[in-house]
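Worksheet: the structure to be examined is printed underneath.
Read-outs: derived from the displayed coordinates by stated rules, not from any lab. As the structure is a computational prediction, the values presented were derived from the model and not from experiment. Positions of Cβ are backbone-derived with ideal geometry, glycine not excepted, and every protein chain shown enters the neighbour counts.
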Amino acid sequence: MATRDLAVFLRSRRDRLLPGDVGLPGGGRRRSPGLRRAEVAQLAGISPDYYMRIEQGRGGHPSPSVLDGLARALRLDDDERDHMYLLARAAHAPARRRAEPRVDPAVRTLLAAIGPVPAYVLNGRLDVLAWNPMAAALFTDFAALPPRHRNLVWYAFRDPRARELYGDWELMALYGIAQLRGATGRDPDDPDTRGLVEELMASSAEFRALWARHDVRGPGIGRKSFRHPLVGPLTLNYVSLLLPGPAHRQFVTYTAEPGSPEQAALDRLAATAGQAGAAPAGPES
């Protein structure tokens with residue numbers, strides 16, 4: 001499975017590049033607009049035959065020097081390079097079948113302590129594991145959803161309220177899929193992650209199209225726009241921080257500049273929801 005995923009990922013990165021992007025002449029007829037296998041092999045410093053075998057899932061476990069050469073040749077960013085390494089390593093990694101560890105009590109205390117700042121905890125595939133009341137007021141009542149549907153990618157594609165809430169639904173969906181793709185690289189045989197992908201592949205043509213891009217993205221910092229049914233349009237700053245430990249969990253907060261209209265909207269949301277200073281919600285998972 002992992003060697004096949006690595007092969008598909010490399011093909012997707014090759015197809016997106018033009019010869020001019022990597023300093024090669026673009027003459028001659030091409031079956032597709034992307035680089036030829038021989039061109040990638042040349043740029044990576046490996047034989048065309050070996051690269052062909054890697055793209056066909058027959059290349060075994062490429063060495064770090066080969067992977068570094070491919071990362072340079074295909075102009076991979078840091079997230080994409082890490083994902084490629086995970087796919088290459090996962091081909092011989094032992095299967096992991098352990099229960100999801102609980103959210104640390106100290107993290108839950110932090111969720112409560114930050115008061116009217118919307119915040120939640122995600123795992124690698126973007127399941128919402130714990131949240132404070134303001135996060136529920138901003139997004140949706142996570143407690144009312146079945147546990148398997150407390151997932152931001154599922155929410156984006158399967159809950160019609162998400163398209164009304166997100167000011168730029170397409171961008172948010174793309175970012176969510178890119179993080180979900182990273183989760184498949186870290187643990188390609190995880191049944192819950194595979195099950196989520198299979199469900200969305202079967203139910204959404206938009207998901208299938210975006211999933212086929214093989215984009216990869218890690219946690220980050222940015223701005224996200226909302227069209228909230230109670231307080232109207234607002235754009236908030238978000239920060240996604242990786243928590244200590246091996247579970248690749250994120251602590252995500254949404255804030256506004258003090259004195260801004262966005263902060264006033266958050267204050268109204270807190271007052272309307274009656275949640276200022278309330279204890280954090282979320283299952284003890």
Virtual spin-label span in nm between residue 148 and residue 267, 7 Å along Cα→Cβ: 4.4 nm
Evaluated over the range 116-173, the Cα radius of gyration and Dmax, each in Å: 10.8, 28
Cβ-based net charge around residue 81, under 11 Å, with every Lys or Arg adding one and every Asp or Glu removing one: -3
Part-to-part distance (alpha-carbon centres) for the range 207-246 and the range 105-161, which is given in Å: 13 Å
[x] -0.36, -0.56, -1.23; [y] -0.40, -0.61, -1.22; [z] -0.35, -0.56, -1.40, with the label sought being that of the calculated log10 I(q)/I(0) by the Debye sum over Cα atoms at q = 0.08, 0.10, 0.16 Å⁻¹: [y]
Virtual spin-label span in nm between residue 171 and residue 36, 7 Å along Cα→Cβ: 3.9 nm
Simple label model, 7 Å out from Cα along Cβ direction - residue 221 to residue 199, nm: 3.4 nm
Within the chain, longest stretch clear of exposed trypsin sites (Lys or Arg not before Pro) (DSSP loop, no more than 14 other Cβ within 10 Å): 103-212
0 to 90° range, to nearest 10: angle between helix 191-203 axis and the chain longest Cα axis: 90 degrees
